[in-house]
Structures are given as C-alpha cells and as structure tokens.
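To start, the structure itself, in structure tokens.
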Amino acid sequence: MMQWETVIGLEIHTQLATRSKIFSGAPTAFGAEPNTQACAIDLGLPGVLPVLNAEAVRLAVRFGKAIGAEIARRSIFARKNYFYPDLPKGYQISQYELPIVGEGRVEIVLDDATVKSVGVTRAHLEEDAGKSLHDDKLGGGGYSGIDLNRAGTPLLEIVSEPDMRSPKEAVAYARKIHQLVRWIGISDGNMQEGSFRVDANVSVRPRGQTLFGTRTEIKNLNSFRFIERAIQFEVERQIDVIEGGGTVVQETRLYDPERDETRSMRSKEEANDYRYFPDPDLLPLELDVAFIVDAVADLPELPDARRERFHIQHGLGEYDASLLTGSRDLADYFEAVVAATGEPKLAANWVNGELAAALNRADVEIAQSPVSAAMLAGLIRRILDQTISGKLAKQVFEAMWAGAGDADQVIRAQGLRQITDSGQLEPMIEAIIAANPDQVSQYRAGKEKVFGFFVGQVMKESKGKANPRQVNEILKRKLAGDP
Amino acid sequence: MSLDASDIEKIAHLARLAVAPESIERYAADLSNILELVTRMDAVDTHAVEPMAHPLHMSQRLRPDRVTEPDRRTLLQANAPLTERGLYLVPKVID
C-alpha cells in the first residue's frame, strides 16, 4: 500500500479596508444597489486613467511588516489579460514581477501544540472584478446580469509556499492570516461578504519523493470548514485517480459545498495564458522610507508576541493564551479585566468559559458583548471579596448578560449576597441540628457521610447563599458538641 | 523564433480577434519577423541596464482615500444595450 503525502499552498484574497477603490474615487461599501458604486474608471470607459489609492498601499505595507517580509521600495503594476463579462477592461490590474510584499513567514499552532512555520512567497496589490448573476428570468431568459460595484475594490493577494501537509494545516494557516489581517486592521475579513477568499493548490506525491505531483487549484472556498472538506475530497480524488492508473490533470476545480465535491471548471482551462505585461497607465510605485515608517508606526503588538506575553506575564497556559489572542478585541477585553482585578487566571477562566459560551450561543462578537470588561471585572471582585460564591456568580453573570445591570446591582436586586455573618449562620445551623437528632447520632457514631446531608440542609435553608467554608467550620464545631 | 498557423490561431483566440483563415499565413510571417527583430536586439549586451517598466522616468503619484465619485448609474447605463434591475445584461455565461 502506497503512502501518500499531501502538499498544499494557499492563495488568499483579502479585501483591504479602504473607503474608496484602488484606482478610482468610487465607494467600496458592501450591499449597495447594483452598479451604483461603479464609476467610469471601474467600467473601463475609454479615456480614463487609474490613480493609485495611498491607503491601499499603506495597508499592504502593514501586512508585509507583520509577516517580517521585505517591502519592495519599487514595485510594478501589470495587466493580467482575460475575457469575462465582469471584467470590463479585458484585463485585471495586478502585480506580477516586483510585487509590493516579498517573502515572509507566519507561525501556526497544530493540534498537538507544536508550532510550524509557513512561508509566504509574496503578497501583491490588485483590483477585484465585478459579480455575475445567473438568473433565468433576466431579459426573459438567456442572459446573465453584471454588477460592477465590486470591480476595482482593493485586494491583497497573499500567496503561500506549498508548505502545508494536511487539510488541518491549511485551515490553521488560513485562520492565522485571517486573525492577522483583522488584528492589524487592514481588512474586516468578512467571509460571507467575500472580503476573505481562499483558493487552494493541492497535489499528492508518494511519501519520500521530493518532486511535487501535478496540482489542481480549488476555487470558491469561503469558509474554514469548506477549505478543510474541499481539500480532503480533492486529496482522496487525486489518490484514486493515480491508484486507478490515471494521471492528475492540472486544472481549476470548483468546490460544491452541497454535494461536498470538487469538479472541473472547463471554462477556465484555456484561460491560463494571462499574457502579463506592465500596465502603461501606471508608473512604477516607489516608496520612500518615510512612507513605510509612517505606515507601520502604529502597528499593534502582534498576536504571536501577545500570546507569548500572556504566557509569561500572566502565567497562562498555551491553550488559554492562544484562545485569548484569537482577536485583538478579545485580548484587549481580557487585559482590561486583568487590570481591574489583578487575577489573570480567574479572568481567563471567565472569558474563555462563561463569556465565550454566551457569545457563542448568541452568535455575537466580543465587541457586541452586553457584559463589558468593566462589568465582568466587577463580578470577579465580588467573588474575590466573598460577597458571592462561584456558583451564584454564574447566576449574576447571566443576569448581567440579560441586561439587569452590573454585578452589584444584580446582587442587591436578587438578594444574592453571601451570608458570611456567623451571627446569622450559627442559629440557622443550630436549628437544623436540633431538627435532625437521628442524623446527629449517626454522625457522632462515626458515619461521616452524614456531614454532607447537613451541608445540603444549610445550603437549602440559606438558598445557596451561605459561605461554604464557614458552613463547614461551624457545622464541624456544633456537631462535635462544642458551643 | 517563428510562429506557425496554430500559434496564430491560439493568440487570436486569447485576444478574441477574428482572423480570416486566408490571413493566418501572412500574420505568422509578419509576427515572426517582429520576433526576429527582437532576437537580433538580444545580441546587445544590456547587463548594466536596469529593465524599464515605463518610458517615463517618474514614479506613481498616490491619491488620498476619499470617495469622490457619486452614483451616475442612469447616465452610465444609457450607453448599455441592455440593463435590468440595475444590472448590465450580457449573453448568458456559465461556469
């Protein structure tokens, strides 16, 4: 039985967060009426000239810096020629030779907690194409509709080395780039709206062979789950082809999530000859040091560095630290709670536990959490000063989530304050002991399990508000017959 | 380097140019001559010359990220042979 090795490289198109398009002053907002955000330049009308958006360049430079890549002081825009109705000019302005971002690296954390370094070959600026709508009713049938609002939207295409060896590694890398582009504020990364699109180059080879097998390119991967499933399907398909005596054909394939399969896109087969050449409408992009320094001056602490710092400074394990640095908002939230409580471990437990579960249930981002960092800190302070027990704290958290105010307001309104006054606890415990003489004699005869019964009775009587440590202490004393 | 008839057919197809069958041989000869000229220029030693991306010795000016183009859909679509619901209509494309 032949052992196969999977080789995967990803091309990720991430939409840059600019207000206007990369070569025109038309807006980039999502969801506008068709063709209301497509101006003469986006439509490729005769006589127009593209002028490069400074912000798109600035955002690309930030990405380059974040992956430790060389920023090209001189880069060139090229025309990628192909014909499709949603590409009015007949070419896409992209970069081919001399892209703006050179080689870099990112680290991914695998399931077994090992860290793997994945190479980024390059990242280049380009414009997006428009959108084709296929609707049989259009024009009475036989037509496709074209919306050019997306045409000219700035994209950064991030090309990886063929360094991934499994679908899971490919997903980990895609997630890493997704985390990074949002972290440094260059893209909203919204996959439903097409702001983060992934193409996968997949091949297989006998384990131990150094030459790569023939690869196929899978398009249309717009969720992390689809990336994993599509690559998994494609790997199995290629192995079946080879083991069945056939050869893998280099081609573009489309992933169909409904059937969970990839299939050949015949229309793209002949289009691989893009005849790139430098765009005569655009001069070489030359960046001076001041521009680059300015672009990266306010780069935040990067996710890997922050994860490492959470590990060292806050004493968190790799798992907690990596969860808490999933997004910058989440990391900021956590540190705000730590700053207000001085309790990193407890803060991590609450943020990764109750809060994460509640966010998940409500399907909202941390920025929309009805429980702010200050509110969670307030709750943790009431646990620390023993106003409430950990168990009642969950009840308080739920009330805060439902909008019942901050921790102190909820504790007051629901009367949840823990009873720590022994003047209140002692008579309660004495009454319970007096009401259960049988259990008392069992306990005194050495049946220590009965102790749990008394604790239960006290908790029931106090509606869960008695301080458990004090209950234990007073019960032991009273059951032993001491005053 | 010289081009044959099948090269011409492929180039014409990629550029969506309708080249009459009787013209193919002439195009093949003309284009081969142009390539021949380029080959001759290859003989010049250009090691010390930086490749030129643009004939102008200038660099790209940048535009501030501001929305300056209002919606002119009605005007722009007046040029289009067919539109519906704000979409440009084209003969059906299938993938």
So, R0 is 30 Å and r is the distance between the beta-carbons of residue A:453 and residue A:374; what FRET efficiency does that work out to, to 0.05? 0.15
Using the alpha-carbon atoms, what tilt in degrees (0 to 90, nearest 10) does helix A:450-461 show relative to the longest principal axis of chain A? 80
Cα-based Kirkwood hydrodynamic radius, the range A:300-447, one decimal, Å: 17.5
Suppose we compare each residue of the range A:1-31 in its chain alone and in the full protein complex with a 1.4 Å probe; which ones drop by at least 50 Å² of accessible area? A:19, A:25
For residue B:52, net neighbour charge (Lys/Arg +1, Asp/Glu -1) across residues whose Cβ lies under 13 Å away: -1
Which whole-Hz ³J(HN,Hα) couplings does the range A:376-384 yield from phi under the Karplus relation 6.51 cos²θ - 1.76 cosθ + 1.60, θ = phi - 60°, glycine and proline marked x? 5, 4, x, 5, 5, 5, 6, 6, 5
Amide H contacts of residue A:215 (H built 1.01 Å from N, under 5 Å, at least 5 apart or other chain): none
Dividing the surface of the Cα convex hull of the protein assembly as shown by four yields a projected area in nm² of 40.4
For helix A:303-313, report the angle its Cα long axis makes with the longest principal axis of the Cα atoms of chain A; keep it between 0 and 90° and round to the nearest 10°. 20
Nearest 10 degrees is fine. How inclined is helix A:224-243 to the longest principal axis of chain A, computing both from alpha carbons? 60
Given R₀ = 60 Å, what would the calculated FRET efficiency be for residue A:469 paired with residue A:73, taking r from the Cβ atoms and rounding to 0.05? 0.35
Inter-label distance for residue A:175 and residue A:161, nm, one decimal - labels placed 7 Å from Cα along Cα-to-Cβ: 2.3
Under the helix-only model (-39500 (n - 2.57) for each DSSP H run of 4 or more, divided by the residues of chain A), the mean residue ellipticity at 222 nm, to 500 deg cm²/dmol, is -11500 deg cm²/dmol
Farthest positive-ward along the protein assembly as shown dipole, Cα basis, beta-carbon charges - from A:241, A:324, A:132: A:324
Estimate the FRET efficiency between residue A:193 and residue A:340 by the formula 1/(1 + (r/R0)^6), using the beta-carbon distance for r and 35 Å for R0, to the nearest 0.05. 0.50
Beyond 25 Å (Cα-Cα) in this structure, taken from A:447/A:478; A:21/A:89; A:394/A:449, we find A:394/A:449
Using the Karplus curve 6.51 cos²θ - 1.76 cosθ + 1.60 with θ = phi - 60°, work out ³J(HN,Hα) for each residue of the range A:45-59 in order, rounded to whole Hz, and write x for Gly and Pro. 5, x, x, 8, 10, x, 10, 6, 7, 4, 5, 4, 5, 4, 5
Determine the dipole magnitude for the protein assembly as shown: charges of +1 sit on the beta-carbon of Lys and Arg, -1 on that of Asp and Glu, nothing else is charged, the reference point is the Cα centre, and the result goes in debye to the nearest 20. 2080
The range A:55-209 - Debye-derived log10 I(q)/I(0), Cα point model, q = 0.14, 0.19 Å⁻¹: -0.82, -1.24
How would chain B be classified by its alpha-carbon gyration tensor: rounded, prolate or oblate, with rounded meaning a/c under 1.5 and the a/b versus b/c comparison settling the rest? oblate
Which value, in Å² and to the nearest 10, is the accessible area of residue A:394 when all protein chains are kept and the probe is 1.4 Å? 100
How much accessible area is lost when chains B and A come together, counting both sides, with a 1.4 Å probe, in Å² rounded to the nearest 100? 4200
Amide H within-cut-off set for residue A:5, under 5 Å, with H built and near neighbours excluded: A:205, A:207
For the range A:393-483, report the convex hull volume of the alpha-carbon atoms normalised per residue, in Å³, without decimals. 93
Dipole axis of the range A:1-135 (+1 Lys, Arg; -1 Asp, Glu on Cβ), positive-most option in A:50, A:67, A:123: A:50
Relative contact order (percent, whole number), chain A, Cα cutoff 8 Å, 6+ residue spacing: 14
Taking the Cβ of residue A:208 as the center, what net charge do the other residues with Cβ under 14 Å away carry, scoring Lys and Arg +1 and Asp and Glu -1? +2
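Which whole-number percent gives the relative contact order of the range A:51-169, counting Cα pairs below 8 Å spaced six or more residues apart?
Relative contact order here is 22 percent.
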Along the Cα→Cβ direction, 7 angstrom out, place labels at residue A:417 and residue A:313. What is the inter-label distance in nm? 3.7
Residues in the range A:7-41, backbone N under 16 Å from the label point at residue A:131 (7 Å along the Cα-to-beta-carbon vector): list them, ranges by number please. A:15-16, A:27-39
Probe 1.4 Å, accessible area per residue of the range A:297-360, Å²: 45
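Might you report the magnitude of the Cβ-based charge dipole of the range A:344-453 about its Cα centre, with Lys and Arg at +1 and Asp and Glu at -1, to the nearest 20 debye? Show your work: numbers first, answer last.
Values: 11 positive and 12 negative charges, 46 e Å.
Using Cβ point charges on Lys, Arg, Asp and Glu, the range A:344-453 gives about 220 debye.
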Among the lysines, which have Cα under 22 Å from the Cα of residue A:391 when same-chain residues fewer than 8 positions away are ignored? A:345, A:460, A:463, A:465
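The values are calculated or read from the model by the stated rules, or taken from the named source; none is laboratory data. The shown structure was predicted, so the numbers you read here are calculated from the model rather than taken from an experiment. Reconstructed Cβ throughout: ideal geometry from the backbone, glycine too, with neighbour counts over all protein chains shown. The accessibility values were calculated without ligands, DNA or RNA, using every heavy atom of the protein model including side chains. Shrake-Rupley method; radii C 1.70, N 1.55, O 1.52, S 1.80 Å.
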